[in-house]
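Right, one structure below, let's go through it.
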Amino acid sequence: MQTWEINIKGLVQGVGFRPFIYKHAIERNINGFVSNTSEGVCIQITAQKEMAEEFYRFLASHAPANALITGQSIRIVNKIDFTSFQIRESVGVSKPDLMIPHDIAICNSCLSEIFNENDRRYGYPFTTCLQCGPRYSILTALPYDRCNTTMADLAMCDHCSKEYSDISGLRHHSQTNSCPNCTIPMKWYSKDGIELSSDAAIILQDIKKVLLEGNIVAIKGVGGYLLMCDATNETSIRLLRQKKHRPAKPFALLYPSIERAGEDVFLSPHEINALKSIVAPVVLCRLRETPGTGICHKLIAPGLNRLGVMLPYTALLALVSFAVNIPLVATSGNLSGSPIVYTDEEALLSLTEYADYVLTFDREIVVPQDDSVMQFTANGQKIINRRSRGLAPNYHVNPFDFSGGVVAMGAELKSAFALVDAENLYISQYLGDQQDYGAQISYRHTLGHLTAMLQFNPQLLVVDKHPNYSVTEFGKTWADQIQVPLLEVQHHEAHFAAVLAENKLLTTRQSMMGVVWDGTGYGNDHQIWGGEFFLFDSGYMDRVAHLDYFPWLQGDKMSVEPRLSALSLVLNDKKNLAGALLAFNEQERAFLEKLVTQAPQLLTSSMGRLLDGISSLLGIIHYNSFEGEAAMNLQAMAEKSEDKSLDYYPIPRFKNRLQWTYMVQELLHEKMEGIPVNRIAYKVFVSLAQCIRQTAKEFGVHHIAFSGGVFQNALLVDLVKQIMSEEYQLFFHQQLSCNDECISFGQLAMYAIEQSMVTEKQLLHYQN
Ligand SMILES: [Zn+2]
Ligand SMILES: [Zn+2]
């Protein structure tokens, strides 16, 4: 017999790995110990060679469902005569090098306990087990153990302690264990800050009552506070919109069950799987013609034909949702444009402006996170709209082989940073619009928390080339302070590199075309890019074509007012110019008529603005009350078209410029002729897909990758696939969003391309 040390790396903490090892060691009568370390899990056993090797192989092939192994090793150490097998206290002496456990939605077994009258956790709002519960959001340090979470000060009762040490149970070494006897204290407040109750049963009864009476309630979730109200109550929803200054941005709805959700939306198997997954995201599902639960869908998602649906991801949300048994509006609790509120103090201070009642509890949230949002196209392609709770902060598997730590600061509007430390790659949750001061604080807090936990010191920083991004400025100042080099990366090149890296194509020998379409990004020629075609060949990236430039009118105002984009599109078209000017009042017209005679200071090739402009020219929308509203409404309009033929408007290429003017002129002509707007809108998206096909053909490329926020458009993605997948290989984002949340990852990928530091690491084990 010899003593063997087995080390396992990856996502192996907070997923029931130690109890799993314990159980199987006991079954085999092996003595030794297992502990969480700064690098993952360490096991020592004294056993015969055959037994040790069998155990080693078994651990990798039968790991718990939520675990993810990226590396494992076995070696002989000095012999120790163990007399039993034990789970030892964590040892966290060295610098951490591990994947961080993400938050996991409540599991079925916990759900059945809270609804079983005979169970001791019947109605208990903080029920969790080894397989579910908050992780990243309550983590203060590594490794993952109760003492390193915000539950550290809460002592387990005798019964819970017994469960904690019961090898056969669901809560063996469950770090978030608690029960009605050793409960997390909760408090129920009126909007005046008066404490109404701290008794769970009374509070739940009260919540049900006040929600059904039409009140707005702020409830603490996993990553922050949610504002909730009855989704069938028009007055409540109107009031919430009014108070949040949110006239049209869609709200997500919380349903008690898949069955209830199915009354309002169509659910594909992909969508059901996603809703029931451990991430439990908001899934944007197609709305039924007449929703069955009586929701006020025209107020919840004005003009749109998709609805954000989610299932309860904590026991508390499940109890509330089941009690009312109607869909509830469940939207991030925040001030308009600011990040989600996650502290109790802030909730009582600021959310009482919107909410009639506030429910807090004494489990502090360390890392604020919104709900993740995703959707599936009609043919099943997954599109991530927001990567946050349940998905952040790991990326598996790190494709880069950097010698030192690198931080990429990301983009401004849908910010998220990325960080490579030793073997692991972390990508933060969505951190909002960095023009907002609160979002800047949240960004710095999240970055500070992660770098402190990892004891991380960057050797290099990467920023966007955009001169006015506050995250770029922050990166520059930080690099100066700590005296490390700074690399600047163009925004759309980062997009393309991100989708290449996600598909393991950084070392490909194929010539790749990148189609990068979004709202804005600062271009290498100092113009505003956004409708770009790139080629990537033998490690070199070139911009080979783009939407022909049009004037960037009135700066950032253009992205808020699609009517300005419309005007810009018809500046040289006297006949239609008069029509576009009708969207302005007399005073504005006088100003604009003068403005357009002057040479424009900036030009843009933005696809986002082209779609905005078309939306306005078709009379669909002239103002965006939230980012992407015009493009989303144009898509919704197109999806209503009964005629799904693949006719298209021409977008010919002249040199490297794609001449969209032909399309705009023709569609305005068709509109005048009385062709229905929804048919024209559909034809616009077919034209864009055809334009991609035509450009790929002209450049003789057969491998095409897509990035940029425009590809959140499920209709466009399906049309591209329909028109192109027979002749071309198409690549989309996988774990990341195609919008600017992927920029930080793309910045790392551009650095890797420049340094030729790409590896092809394989995932050793990933169930699910
Ligand atoms: Zn559970
Ligand atoms: Zn207890």
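Among the residues of the range 271-326, which ones are free of Cβ contacts under 8 Å to residues at least 40 places away in the same chain and closer than 21 Å to PRO134 by Cα? Within the range 271-326, ASN273, LEU275, LYS276 meet the criteria.
Open to solvent by 70 Å² or more (accessible area, probe 1.4 Å) and farther than 17 Å from PRO125 by Cβ - does that describe any residue in the range 171-188? No, the range 171-188 contains no residue that is open to solvent by 70 Å² or more (accessible area, probe 1.4 Å) and farther than 17 Å from PRO125 by Cβ.
VAL366 passes every criterion in (1) within 20 Å of MET453 (Cβ to Cβ); (2) β-branched (Val, Ile, Thr); (3) out of contact with any helix residue (DSSP H, G or I) (no Cβ under 7 Å at 6 or more places or on another chain) apart from (3).
Of the candidates VAL499, VAL462, VAL515, the single residue that is within 21 Å of GLN755 (Cβ to Cβ), of a type in the set (A, V, I, L, M, F, W, C) and either open to solvent by 10 Å² or more (accessible area, probe 1.4 Å) or assigned to a strand (DSSP E or B) (or both) is VAL462.
Every residue in the range 115-134 that is near ligand 1 (Cβ under 7 Å from one of its atoms) and of a type in the set (Phe, Trp, Tyr), please. Across the range 115-134, there are no qualifying residues. Selection of the range 150-183 for residues being of a type in the set (Val, Ile, Thr) and within 16 Å of ligand 1 (Cβ to nearest atom) yields only THR176.
This table checks each residue for (1) open to solvent by less than 10 Å² (accessible area, probe 1.4 Å); (2) at positive phi; (3) not in a helix (DSSP H, G or I).
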site	(1), (2), (3)
ILE272	no, no, no
VAL283	yes, no, yes
LEU299	no, no, no
PRO302	no, no, yes
LEU307	yes, no, yes
LEU316	yes, no, no
LEU319	no, no, no
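In this entry, LEU634 passes the filter for residues that are more than 20 Å from GLU532 (Cβ to Cβ), surrounded by 24 or more Cβ atoms within 10 Å (Cβ to Cβ) and touching a Ser or Thr at 6+ places or on another chain (Cβ under 8 Å).
Scan the range 599-612 and tell me whether some residue there is more than 22 Å from GLU493 (Cα to Cα), without any contact (Cβ under 8 Å) to a residue 60 or more places away in the chain and under 31 Å from the mean Cα position of the chain (by Cα). Yes, because at least one residue in the range 599-612 is more than 22 Å from GLU493 (Cα to Cα), without any contact (Cβ under 8 Å) to a residue 60 or more places away in the chain and under 31 Å from the mean Cα position of the chain (by Cα). Only residues that are more than 16 Å from ligand 2 (Cβ to nearest atom) and either assigned to a loop (DSSP other than H, G, I, E, B) or surrounded by fewer than 19 Cβ atoms within 10 Å (Cβ to Cβ) (or both): list them for the range 112-138, please. SER112, PHE115, ASN116, GLU117, ASN118, GLN131, PRO134, ARG135 - these are the residues of the range 112-138 that are more than 16 Å from ligand 2 (Cβ to nearest atom) and either assigned to a loop (DSSP other than H, G, I, E, B) or surrounded by fewer than 19 Cβ atoms within 10 Å (Cβ to Cβ) (or both). Per the conditions (1) closer than 30 Å to VAL420 by Cβ; (2) modelled with pLDDT under 95, the sole criterion not satisfied by SER168 is (1). Do we find a residue being more than 16 Å from ligand 2 (Cβ to nearest atom) and among the β-branched types (Val, Ile, Thr) anywhere in the range 174-185? No, that holds for no residue.
In the range 155-171, the residue that is farthest from ligand 2 (Cβ to nearest atom) out of those that are touching a residue at least 40 places away in the same chain (Cβ under 8 Å) and within 28 Å of GLY224 (Cα to Cα) is LEU170.
Cβ separations smaller than 6 Å between residues 6+ apart or across chains give the following pairs from the range 110-136 residues that are under 23 Å from ILE100 (Cβ atoms) and at pLDDT below 95 to residues that are within 14 Å of ligand 2 (Cβ to nearest atom) and open to solvent by less than 10 Å² (accessible area, probe 1.4 Å): LEU130/SER174. If you check ALA60, ALA65 for being on the phi < 0 side of the Ramachandran plot, part of a loop (DSSP other than H, G, I, E, B) and either open to solvent by less than 30 Å² (accessible area, probe 1.4 Å) or touching a residue at least 24 places away in the same chain (Cβ under 8 Å) (or both), only one passes: ALA65. Among the residues here, THR520 qualifies as closer than 15 Å to GLY608 by Cβ and either assigned to a loop (DSSP other than H, G, I, E, B) or open to solvent by 10 Å² or more (accessible area, probe 1.4 Å) (or both).
From the list SER565, SER559, the lone residue that is closer than 15 Å to GLY531 by Cβ, part of a helix (DSSP H, G or I) and at pLDDT below 95 is SER559. In the range 1-14, the residues that are closer than 17 Å to GLN131 by Cα form Cβ pairs under 8 Å with partners that are among the aromatic types (Phe, Trp, Tyr), at six or more places apart or across chains, as follows: GLN13/TYR144; GLY14/TYR144. Of all residues in the range 395-445, those satisfying the criterion of being more than 20 Å from TYR751 (Cβ to Cβ) and of a type in the set (S, T, N, Q) are GLN429, GLN434, GLN435, GLN440, SER442. LEU307 meets all of the listed conditions (1) over 28 Å from SER109 (Cβ atoms); (2) touching a helix residue (DSSP H, G or I) at 6+ places or on another chain (Cβ under 6 Å); (3) hydrophobic (A, V, I, L, M, F, W, C) but one, namely (2). Under the condition of being under 24 Å from SER332 (Cα atoms) and open to solvent by 70 Å² or more (accessible area, probe 1.4 Å), which residue from the range 199-217 is farthest from ligand 1 (Cβ to nearest atom)? For the range 199-217, the residue satisfying everything is GLU213. Scanning the range 89-111 for residues that are open to solvent by less than 20 Å² (accessible area, probe 1.4 Å), outside any loop (DSSP other than H, G, I, E, B) and more than 16 Å from ligand 1 (Cβ to nearest atom) yields no hits at all. Within the range 417-438, if we keep just the residues that are closer than 29 Å to GLN72 by Cβ and outside any loop (DSSP other than H, G, I, E, B), the residue that is nearest to the chain's Cα centre (by Cα) turns out to be ILE427.
The values are calculated or read from the model by the stated rules, or taken from the named source; none is laboratory data. The structure presented is a predicted model; accordingly, all values stated were derived computationally and were not measured. Using ideal geometry, Cβ is built from the backbone for each residue, glycine included, and neighbour counts are taken over all protein chains shown. Quick note on the areas: whole protein, heavy atoms, side chains included, nothing else; ligands and nucleic acids left out. Shrake-Rupley method; radii C 1.70, N 1.55, O 1.52, S 1.80 Å.
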